[in-house]
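The values are calculated or read from the model by the stated rules, or taken from the named source; none is laboratory data. Since the model is a prediction, treat every value here as computed from it, not as a measurement. Positions of Cβ are generated from backbone atoms using ideal geometry, with glycine treated the same way; all protein chains shown enter the neighbour counts. Note: areas computed on protein heavy atoms with side chains; ligands, DNA, RNA excluded. Shrake-Rupley method; radii C 1.70, N 1.55, O 1.52, S 1.80 Å.
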Amino acid sequence: MTTYFAFRLRDRLQQDIDTLLANLDTRVSAPQHEAHTRISVELVDEILRNTVEELISRFQSGTEGQGVLATLLSLLKGTSHVLVRQLLGKSGNEDVARMAQYLRSRRINAGGQVLFGFAVEPGQVPAIQDVLAAVGRGEGEARKAELLRLLLSLSDQALVHFFDDFTAPMQLGFIKRKAADLGRATIGKGVHAAMNRLVPGLNQAELKVLADFLGSLLVTA
């Protein structure tokens, strides 16, 4: 059994991904680059909806946690949208097919559902489960440092699988590669800064909200 960090995409987006991949598999003659770019932008929004916006909605309105996450969300959306449109141009179907391997690699079949995500590093799974269980028992204040370390590690893994794996198949020139590197650094620093500010300021009730949310994104299949 493998533990994944994963979530379900909106039905329409999943259908669009399936259609794009089917078109590429059957080598349709119609250009697919516009569909690929649109899907990529919408996929950014879906990743952020499931990993940041949903957590924002679980915190009490007006709390510091909401504010920290809202600032992070604005940074991630702005940086990612601009970057995706910069990197993806008018590519031929052969290039699109190569880049679309990212969509295949993030597809997970679990319990009859199609999810989007990545496998968590196996060695970390017991530690994550232990911390989440401890927070659920009311021991969140004593386990903050450990929870923070695990969140930062998961964030780094997400950056690899949601960013690096997305850009790896692209044949980027010097300028676009520099833009990708800058975007990655901005996102990574922003996430770390937000987590380092968020977790220490949470009380037990809020830590449980965070732990329950994180637990909902961990799927074993």
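The alpha carbon convex hull volume per residue for region 1-141 rounds to 148 Å³. Region 29-101 and region 131-206 have their alpha-carbon centroids 16 Å apart. Charged side chains reduced to their Cβ positions (Lys and Arg at +1, Asp and Glu at -1) give the chain a dipole of some 420 debye around its Cα centre. Straight distance only, please: which lysines reach the Cα of residue 208 with their own Cα at less than 18 Å, same-chain residues fewer than 8 apart left out? Output for residue 208: 144.
Taking the Cα atoms of region 143-207, the ratio Rg/Rh between the radius of gyration and the Kirkwood radius comes to 1.13. Positive-end ranking of 148, 204, 160 along the dipole of the chain, with charges on Cβ about the Cα centre, is headed by 160. For region 73-217, dividing the convex hull volume of the Cα atoms by the residue count gives 128 Å³ per residue. Modelled spin labels at residue 54 and residue 153, positioned 7 Å past Cα toward Cβ, are 2.2 nm from each other. In straight-distance terms, cross-link reach from residue 178 covers every one of the lysines whose alpha-carbon lies under 28 Å from its own, apart from those fewer than eight places away in the same chain; here that gives 77, 90, 189. Projecting each Cα onto the charge dipole of the chain (Lys/Arg +1, Asp/Glu -1 at the beta carbon, about the Cα centre), which of 171, 105, 67 comes out farthest on the positive side? So the residue furthest toward the plus end is 171.
Restricting to Cα pairs below 8 Å that are 6+ residues apart, what does the relative contact order work out to for the chain? Please round to a whole percent.
Reported as a whole number, the value is 36 percent.
On a per residue basis, region 56-149 carries 51 Å² of accessible surface, using protein heavy atoms and a 1.4 Å probe. Helical content alone sets the calculated 222 nm signal of the chain at -20000 deg cm²/dmol, taking -39,500 (n - 2.57) per DSSP H segment of four or more residues and averaging over every residue. When the solvent-accessible area of the chain is split by element, carbon and sulfur atoms take up 53 percent of it, the probe being 1.4 Å.
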